[in-house]
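To keep things clear, I will list the structure first and then write my remarks on it.
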Amino acid sequence: MLRNRYLVALIFFWIFLSCERTNSDNLRNPVQLDFQSMKEEMVKTQIRARGVRDEGVLNAMLEVDRHKFVPEEIRHLAYSDRPLPIGEGQTISQPYIVALMTELLELKKGDRVLEVGTGSGYQAAILAELADHVYTIEIIESLGRSAERLLRELGYKNIDVKIGDGYIGWEEFAPFDAIIVTAAPPHTPQPLLDQLKEEGRLVIPVGGFYQDLKKITKAKGQIKSQDIIPVVFVPMTGEHIKGKKKR
Ligand code: SAM
């Protein structure tokens, strides 16, 4: 009798130990999280539910692993409905905003796109799924270099990263079918308007602490601007925005 009780107690203790081990393993090793399901849920509840309908954009958001673009220690938050810190005081944008801005660009297979504000490289990867070539500029060298490394590791051959001030665009490869700006200037930089192709689309947050997300189009030399929604992006930095440096 005593031996049986001892045996039962031993079995319970063993079960308790295994549960404890599994729980602490999960906490220490978030790689075991089901990122695929989290990504599908993100697209369904944060993006499709808010009205993004372009199947190409939805597929790109399903294709690119957002958790690979955020710092290791916050990977478990990668698919949550918010921007996240990526270091150097900068952020990776909220998934819905990435999808909305991409949809507004109306990308086609042969398009060449300029992005200002590479950050983590996530938005560039989404663009590269839809366009022919992506040219992306980052002003903070450490961010630009690590995004470039990651994008290369992930096999993207149609993305060029440059370290520099995106206010002046990338003259060498202009004009662009589409331009996306992911840092907020107080006004739309003239060089970006100049480097936009006829029939091109420019999506940009413009303002101070709060900004308007604008979709700007060029047709027959005429510039048309449409306010889409209020947004909050990190400010555009650099000497050109302050008017201290000429091109
Ligand atoms: N698109 C990024 C992503 O997918 O992670 C998020 C970009 S974050 C909201 C804005 C980025 O713009 C920051 O990395 C910041 O350093 C960069 N930035 C700010 N001013 C810039 C400028 N004048 N030229 C290029 N990059 C700039």
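Quick look at the numbers
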| quantity | calculated |
| --- | --- |
| Per-residue [θ]222 nm for the chain (sum of -39500 (n - 2.57) over DSSP H runs n ≥ 4, rounded to 500) | -10000 deg cm²/dmol |
| Pairs of alpha carbons in the chain whose separation is greater than 30 Å (percent) | 31 percent |
| Beta bridges per DSSP with both ends in segment 93-246, % antiparallel, nearest 5 | 45 percent |
| Top positive-direction residue, dipole computed over the chain with Cβ charges, set L196, V161, H76 | H76 |
| Under 12 Å between alpha carbons - lysine pairs in segment 93-246 that sit 8 or more apart or on different chains | 4 |
| Global form of segment 32-165, assessed from the alpha-carbon gyration tensor, a/c cut-off 1.5 | oblate |
| Helix runs (DSSP H) in the chain reaching 30 Å along axis by Cα, Kyte-Doolittle at least -0.5 | 2-28 |
| Cα-centred dipole magnitude for segment 93-246, charges only on beta-carbon of K, R (+1) and D, E (-1), debye, nearest 20 | 240 debye |
| Residues F173, F35, F233, sorted so that the one with the fewest Cβ neighbours within 10 Å comes first | F173, F35, F233 |
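We did not get these values from a lab; they are worked out from the coordinates using the rules stated. Bear in mind that the values here come from a model prediction, so they are computed numbers and not experimental data. Every residue, glycine as well, gets a Cβ built from its backbone with ideal geometry; the counts of neighbours run over all protein chains shown.
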